[in-house]
Amino acid sequence: MTVRQLSTRLSTSAADVDTAVAVLLECQLISRLNTVVPSYACRQPGAGVDVRRLRRAAARVWNGVKGVVVGLYRHDCLGLAAQVAYSALFSLFPFLLFLQALASSYPRHRT
């Protein structure tokens, strides 16, 4: 938005000139930050949103999630997790028997 466009929209009172200067500075600052600003958003502070940056971030997150899911199936992680759970379940009972036998070999403390 240029000064000429602002002068056609605003009257020439001192308050309107100050508003026009503030709006122009805000629009220049926003354009320097490389944000996408609709024409109506120049008058609203903080209304500009960088849509390209949001899309790139969403694409990176989606590619990361997709890579994790593909890796899970490629390396058969669910099958390996089932094998580990099965082995842990069936090794727990003999370990508890061993601990019981070990604990029973110690004499009880008499007072």
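The values are calculated or read from the model by the stated rules, or taken from the named source; none is laboratory data. Quick caveat: nothing in here was measured; it's all calculated off a predicted structure. Backbone-built Cβ (ideal geometry, glycine too); neighbour counts: all protein chains shown.
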List every residue pair whose Cβ atoms sit under 7 Å apart, with the two residues 6 or more apart in sequence or on different chains, where the first one lies in the stretch 78-89 and is in the same structural domain as V68 (by TED's automatic domain parsing) and the second, anywhere, is in a helix (DSSP H, G or I). L78/L72
Quick check: is even one residue across the stretch 49-63 modelled with pLDDT under 95 and not in a helix (DSSP H, G or I)? yes
